[in-house]
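Student: First the structure, then my questions, so here it is.
The values are calculated or read from the model by the stated rules, or taken from the named source; none is laboratory data. Please read these numbers as outputs of a predicted model, since none were measured by experiment. Heads up, the Cβs are rebuilt from the backbone with ideal geometry, glycines too, and the neighbour counts pull from every protein chain shown.
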Amino acid sequence: MKTVLVTGATGEVARGVLPFLQKEFDLRLLALDPPGDDPRRVQADLLDWDALARAMNGVEAVLHLAVATGHSGTFEDDTFNDCRFDVNVKGTFHVFETARRLRVRRVVYVSSLMVSWGQGQGLHAVKQHWGGEDDVGELLVQGDAQPSPVGTYALTKALGECIASYYAQAPLSSTRYAEARPLEAISLRIAAPLDLEDPNLRRRPVRPQQVPFPDLAQAFAKALTVPLYRYEVVTIVGDSSRQLWDLKPAQRVLGYRPAYSLDDLGVTFADPFAVAEQ
């Protein structure tokens, strides 16, 4: 069973997917919180090189979920944005560089749908203007589209994708890294998760791109195991009749197939850009 280090292991996304992933992988759970009773838990700060190396030593892959927490993706504040750059950008650099030094084979970088948020907003506006005509209604934002981040959170996640791409391409021009072989790296731009066990699921509107936790876990598991021949970017959103983002790259690279259709869950749909958390 493959040993996987999960960063940000006490966050919302991790809490939703770990029950599924622990069936397929030997997990090591990194978080800032004290370990408590779970023997898999390790306490480490991504900005602490030594602690991160101890946590990562001996694993075969990393699922990098950790982000600066405390506010949603739309929140803007100078102090918190400084924290975002420290954790989301510098911390991601530490994860990839530590993985390189320890010869970890693969890092799955969990990015955000907000990296292509600008294109999504533009396409949504076009569809609204034209009233969903057939030739417009079938248009989707490409699952590996060029970044168009909206907000500081999205900017830090786009920079994280740059870091992932850099380490996947074996920068042989640098003397420091001349001995390095490329990491296997993939970035997953995920939508906000949807908890199917939430008792209020059908009482409040759901954004049509939200992705159920079982489908998100499926995408993570495949990203940790499928053959990778180059750096890839894929988008993971929920399946719905109001889909705006294309799943073709996820299907091609991961073999990802959503098990749930949001339309079949009996939910009501909100504006896809009502709250931009992921």
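Student: Within segment 19-124, which strands (runs of 3 or more DSSP E) (wholly inside it) include 3 or more residues that are more than 20 Å from the chain's Cα centre (by Cα)?
Tutor: Hits in segment 19-124: 41-43.
Student: Can you tell me which residue among 31, 51, 55 is within 25 Å of residue 197 (Cα to Cα), without any contact (Cβ under 8 Å) to a residue 60 or more places away in the chain and small (Gly, Ala, Ser)?
Tutor: Numbers: 51 fails: within 25 Å of residue 197 (Cα to Cα); 55 fails: within 25 Å of residue 197 (Cα to Cα).
Sole residue among the options that is within 25 Å of residue 197 (Cα to Cα), without any contact (Cβ under 8 Å) to a residue 60 or more places away in the chain and small (Gly, Ala, Ser): 31.
Student: What about residue 214, is it touching a Leu at 6+ places or on another chain (Cβ under 9 Å), touching a residue at least 24 places away in the same chain (Cβ under 8 Å) and either among the acidic types (Asp, Glu) or farther than 18 Å from residue 61 by Cβ (or both)? I'd like the intermediate steps shown before the answer.
Tutor: On the way: touching a Leu at 6+ places or on another chain (Cβ under 9 Å): yes; touching a residue at least 24 places away in the same chain (Cβ under 8 Å): yes; either among the acidic types (Asp, Glu) or farther than 18 Å from residue 61 by Cβ (or both): yes.
Against the criterion (touching a Leu at 6+ places or on another chain (Cβ under 9 Å), touching a residue at least 24 places away in the same chain (Cβ under 8 Å) and either among the acidic types (Asp, Glu) or farther than 18 Å from residue 61 by Cβ (or both)), residue 214 qualifies.
Student: Turning to a different aspect of this structure: Pick out the one residue from 150, 136 that is surrounded by 16 or more Cβ atoms within 10 Å (Cβ to Cβ), modelled with pLDDT under 95, more than 20 Å from residue 219 (Cβ to Cβ) and of a type in the set (Val, Ile, Thr). Quick ask: steps written out before the conclusion?
Tutor: Working: 136 fails: surrounded by 16 or more Cβ atoms within 10 Å (Cβ to Cβ).
Just a single option satisfies the conditions, and that option is 150.
Student: Go through the residues of segment 255-276 one by one and say whether even a single one is closer than 20 Å to residue 160 by Cα and touching a residue at least 60 places away in the same chain (Cβ under 8 Å).
Tutor: Applying the first criterion (closer than 20 Å to residue 160 by Cα) to segment 255-276 yields 276.
After this cut, where a residue has to be touching a residue at least 60 places away in the same chain (Cβ under 8 Å) as well, the list is 276.
Yes, some residue in segment 255-276 is closer than 20 Å to residue 160 by Cα and touching a residue at least 60 places away in the same chain (Cβ under 8 Å).
Student: Also, I was wondering about something else. Read through the list (1) within 20 Å of residue 17 (Cβ to Cβ); (2) in a loop (DSSP other than H, G, I, E, B), then give the number of the only condition that residue 216 fails.
Tutor: (2)
Student: Across segment 1-18, which residue is modelled with the highest pLDDT among those that are in a loop (DSSP other than H, G, I, E, B) and of a type in the set (A, V, I, L, M)?
Tutor: Taking segment 1-18 as the starting set, the residues that turn out to be in a loop (DSSP other than H, G, I, E, B) are 1-2, 8-11.
Now restrict to residues that are of a type in the set (A, V, I, L, M): 1, 9.
Working: 1: 81, 9: 96.
Per the stated criteria, the residue is 9.
The rows are residues; the columns are (1) in contact with a strand residue (DSSP E or B) (Cβ under 7 Å, 6 or more places away or on another chain); (2) farther than 24 Å from residue 223 by Cα; (3) not hydrophobic (A, V, I, L, M, F, W, C).
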position: 23; (1), (2), (3): no, no, yes
position: 34; (1), (2), (3): yes, yes, yes
position: 37; (1), (2), (3): no, yes, yes
position: 53; (1), (2), (3): no, no, no
position: 56; (1), (2), (3): yes, no, no
position: 62; (1), (2), (3): yes, no, no
position: 78; (1), (2), (3): no, yes, yes
position: 87; (1), (2), (3): no, no, no
position: 97; (1), (2), (3): no, no, yes
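Student: Please work out if residue 191 is within 17 Å of residue 168 (Cα to Cα) and either surrounded by 22 or more Cβ atoms within 10 Å (Cβ to Cβ) or in contact with a Leu (Cβ under 6 Å, 6 or more places away or on another chain) (or both). Break it down stepwise before answering.
Tutor: On the way: within 17 Å of residue 168 (Cα to Cα): no; either surrounded by 22 or more Cβ atoms within 10 Å (Cβ to Cβ) or in contact with a Leu (Cβ under 6 Å, 6 or more places away or on another chain) (or both): yes.
So residue 191 does not fit the description; no.
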